[in-house]
Amino acid sequence: MRVMVTGGSGLLGKAIEHVVLHEGGKLEGEEWFFLSSKDANLVDLEQTKAVFEKYRPTHVIHLAAKVGGLYLHMRDNLYFLRDNLKINDNVLHTAYCTGVTKVVSCLSSCIFPDKTTYPIDETMIHNGPPHDSNFGYSYAKRMIDVQNNAYFQQHGCRYTAVIPTNVFGPYDNFEIENGHVLSALMNKTYKAKEEGTPLTVCGSGTPRRQFIYSLDLGRLIIWALREYDEISPIILTVGEDAEVAIKDAVEMIAEAFNFEDEIIYDTSMSDGQMKKTASNAKLRRYRPDFTFTPLKDGKRFSQSE
């Protein structure tokens, strides 16, 4: 079993690497290869073919994507659509051409319809358009599910996908414009404390999100690679009762940094999608005893990284 992980230098790739190398996640006879953008530009088909030829994977965890923060997506939807369509098609088609046994791709909760009922589940992906703030990225990610079904129908390929909610943990991108919501807030809080200025948060703080710790997600993706046999995707997240408002997350981060100055919510800025409450009922049918790291415990990485 030769596992190639695209996007291996990012938040989730590093989490999987940690589980494999430091938690006994590597089984006897397995080889793992963690790729970064330095190994290949997966937008380019020839570079994609070359990296598959170099590592000869039997299994692929596909994490690589062009990503950014909310406001970058709002500005560059076409860029995120075109590049992610190319990346995903290149990886899946090359996997098929080289006889890869299984591919597990990583989707995003933003693929779900903007106008929907809650909680959302795996059957609702294509029930309507996604939120218009990041529709380019969302539609590109949706197409992985379409392709997985097409490859199975036409060639019997065992390609599937996981759908995490918001991820946080060590090795995240802490840039304010390009980072995930928690990492961007941590960066802002750190700078505000250093400069002795108020902490300004974009939006009202009322949107609600489910946050999954990256190492928990890494463990679950490895499980999906080995044991999850459905073509249909599976949502990997904490329970609905663990959903928190952005304002609550801001207060947790402020406490972790001992930030005691004023917090200002700039309501002239977009909130994005107000909620994306996802059901983990399907996951619980498979892994009823899996224990998630609570947000209040997982935040400690911010003080040590």
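The values are calculated or read from the model by the stated rules, or taken from the named source; none is laboratory data. The model shown is predicted, which means the values in this text are computed figures rather than measured ones. Don't worry about glycine lacking a Cβ; one is built from the backbone with ideal geometry, like all the others, and counts go over all protein chains shown. Side chains included, ligands, DNA and RNA excluded: accessible areas come from the protein's heavy atoms. Shrake-Rupley method; radii C 1.70, N 1.55, O 1.52, S 1.80 Å.
Find the centroid of the Cα atoms in segment 1-66 and in segment 192-246, then give the distance between the two in whole Å.
One Cα centre to the other: 22 Å.
Tell me, what HN-Hα J-couplings in whole Hz come from the Karplus equation 6.51 cos²θ - 1.76 cosθ + 1.60 at θ = phi - 60° for each residue of segment 48-64, using x for Gly and Pro?
5, 4, 5, 6, 5, 5, 5, 9, 6, x, 9, 9, 10, 9, 9, 10, 4
Could you report the chain's accessible area per residue, 1.4 Å probe, as an integer in Å²?
For the chain, the solvent-accessible area averages 46 Å² per residue.
Can you tell me the dipole magnitude for the chain around its Cα centre, using point charges on the Cβ only (Lys, Arg +1; Asp, Glu -1), in Debye to the nearest 20?
So the magnitude is around 780 debye.
In the chain, with Lys and Arg counted as +1 and Asp and Glu as -1 at Cβ, which of these residues, Gly128, Tyr159, Ala242, has the Cα nearest the positive end of the dipole, that is, farthest along it?
With unit charges placed on the Cβ atoms, the residue in question is Tyr159.
Looking at segment 153-305, send over the antiparallel percent of its DSSP beta bridges, to the nearest 5.
15
Rounded to the nearest Å, what's the spacing between the alpha carbon centres of segment 135-170 and segment 83-102? Just the number, please.
11
Hey, could you grab the Kirkwood Rh for segment 135-267? Inverse mean 1/r over distinct alpha carbon pairs, Å, one decimal.
Result for segment 135-267 stands at 17.1 Å.
How large a share of the accessible area of the chain, in percent, is made up of carbon and sulfur atoms when the probe is 1.4 Å and the other protein chains stay in place?
49
Mind checking the angle between helix 11-22 and the chain's longest principal axis? C-alpha axes, 0 to 90 degrees, to the nearest 10.
70
Among the GluC sites (Glu not before Pro) within segment 191-286, which fall in a DSSP loop and have no more than 15 other Cβ atoms within 10 Å of their own Cβ?
Listed in order of number, the matching sites are Glu230, Glu260, Glu262.
Please list the non-local residues whose amide H lies under 5 Å from the amide H of Ile212, H modeled 1.01 Å from N, same-chain partners needing a gap of 5 or more.
Asn166, Val167, Phe168
Filter the trypsin sites (Lys or Arg not before Pro) in segment 63-148 down to the DSSP loop ones having no more than 13 other Cβ atoms within 10 Å, then list what survives.
Numbers: sites: Lys66, Arg75, Arg82, Lys86, Lys102, Lys115, Lys141, Arg142; in loops: Lys66, Lys115.
For trypsin sites (Lys or Arg not before Pro) across segment 63-148 that sit outside H, G, I, E and B with at most 13 neighbouring Cβ atoms in 10 Å, the list reads Lys115.
Where Lys and Arg each count +1 and Asp and Glu each count -1, what net charge lies around Glu31 among other residues with Cβ under 10 Å from its Cβ?
It works out to a net charge of +2.
Lysines within cross-link reach of Lys26: Cα-Cα under 19 Å, excluding same-chain residues under 8 positions apart?
Candidates past the 8-residue exclusion: Lys14, Lys102.
Taking every pair of alpha-carbon atoms in segment 1-98, what share in percent sits in each 5 Å bin, from 0 to the bin with the longest distance?
All Cα pairs considered, the percentages come to 3, 12, 23, 22, 18, 12, 7, 3, 1, 0.
Using a ≥ b ≥ c from the Cα gyration tensor of segment 225-272 (square roots of the eigenvalues), is it rounded, prolate or oblate, where a/c under 1.5 gives rounded and otherwise the larger of a/b and b/c decides, a/b for prolate?
Working: a/c = 3.77, a/b = 2.24, b/c = 1.68.
It comes out prolate by the Cα gyration axes.
Rounded, prolate or oblate for segment 84-127? Axes are the square roots of the Cα gyration tensor eigenvalues, ordered a ≥ b ≥ c, and the cut-off for rounded is a/c under 1.5. Walk me through the numbers before you get to the answer.
Details: a/c = 3.89, a/b = 2.46, b/c = 1.58.
Prolate is the answer for segment 84-127, as a/c is 1.5 or above and a/b outweighs b/c.
Using a 1.4 Å probe on the protein heavy atoms only, what accessible surface does Val51 show? Give it in Å² to the nearest 10.
10
Of Phe112, Val67, Ile144, which is farthest along the charge dipole of the chain in the positive direction, counting Lys and Arg as +1 and Asp and Glu as -1 at C-beta?
Farthest towards the positive end: Ile144.
What trypsin sites (Lys or Arg not before Pro) in segment 228-304 are in a loop by DSSP, with at most 16 other Cβ atoms within 10 Å of the Cβ?
Arg300
Kindly provide the Kirkwood hydrodynamic radius of the chain in Å, to one decimal, from all pairs of distinct alpha carbon atoms.
On the way: mean 1/r = 0.0504 Å⁻¹.
The Cα-based Kirkwood calculation yields 19.8 Å.
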